[in-house]
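As structure tokens, the structure follows; a few thoughts come after it.
The values are calculated or read from the model by the stated rules, or taken from the named source; none is laboratory data. The structure presented is a predicted model; accordingly, all values stated were derived computationally and were not measured. Because the Cβ atoms are built from the backbone with ideal geometry, glycine has one as well, and the counts that use them run over all protein chains shown. The accessibility values were calculated without ligands, DNA or RNA, using every heavy atom of the protein model including side chains. Shrake-Rupley method; radii C 1.70, N 1.55, O 1.52, S 1.80 Å.
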Amino acid sequence: MNVIGIVLAGGASRRMQPPAGGAAVRKELLAPGGKTLLERVVETVAAEVDEAIVVTAPDRPVPELPGPPRVVSDSLPGAGPLAGLADGLRAAVAAAQARGQQPPGLAVVVSCDVPLVRRAVLRLLIDRARASGAAWTLPLVGGHRQVLVSVVRSDLVGRIESWLATGRRDLRGLVDDLTAADPAAVAIVPEAEIAAVDPRLESFLDVDTPADYDRVRRELPYGESDR
């Protein structure tokens, strides 16, 4: 089963912005240790998938990245990560069809602001998704379902588009809806299993604020090892 990676990089980084008058911050281009957050995530994701896709805002070009990945523009800028996920899935399916190939079976979904995400975590999620056949495979960390480090089946794109068409944009709401319709549609990977391959749970340290960024920089020496 082919696996693609979708890295979501279209957010506005609102909580990273300086006071009025300061230069705008694109958090995906912050570069702790000399590599941008986006580069770190793409490098990790690309190592575990057959093809990597970066979804970004139409007016936000991305720098040269390892791979390089396919770059897709948001069709609904500002509509949130679920819309970006739909764009990435559509692009992957269309590209496979253009090559005369079957569409990918699974998509690893990772936001651009988790620079310490570990390959072992992604492998665990992919393995669990393959074994369970679930539409969405999610880690449960800190009592929360981590939708932005997860694995979805590519054929979920139609269901995502239907959800967006109702005006809903919330990923967790869609997960709840899928679970209500069919409990087997969502596979939860408990924290203990995640911690077995990522003891410090670094894969879920997201950069939303300047304080988060400082924390990631402090954790970086640990995160650089055995990624």
List the trypsin sites (Lys or Arg not before Pro) within region 105-204 that fall in a DSSP loop (any state other than H, G, I, E or B) and whose Cβ has at most 15 other Cβ atoms within 10 Å. 168, 200
Using only the alpha carbons of region 104-176, determine the length spanned along each of the three principal axes and report them from longest to shortest in whole angstroms. 36, 24, 22
Reciprocal mean inverse distance between Cα atoms of region 88-128 - Kirkwood radius, Å: 11.9 Å
Order by protection proxy (mean Cβ within 10 Å, highest first), peptides 66-73, 109-116, 81-88: 109-116, 81-88, 66-73
Ignoring any ligand, DNA or RNA, what whole percent of the accessible area of the chain comes from carbon and sulfur when the probe is 1.4 angstrom? 52 percent
Hey, what did the chain get for relative contact order, percent, Cα under 8 Å, at least 6 apart? 23 percent
Can you compute the radius of gyration and Dmax for region 52-107, using only the Cα atoms, both in Å? 11.7, 33
So for the chain: antiparallel DSSP bridges make up what percent, rounded to the nearest 5? 30 percent
Within region 137-209, report the GluC sites (Glu not before Pro) that DSSP leaves as loop and that have at most 12 other Cβ atoms within 10 Å. none
Descending Cα extents along the principal axes, region 79-208, whole Å: 40, 32, 31
With a 1.4 Å probe and every protein chain left in place, work out the accessible area per residue of region 27-176 in Å², rounded to a whole number. 40 Å²
In bins 5 Å wide, starting from 0, what share of all Cα pairs of the chain does each bin hold, as a percent? 1, 7, 15, 19, 21, 18, 11, 5, 2, 0, 0
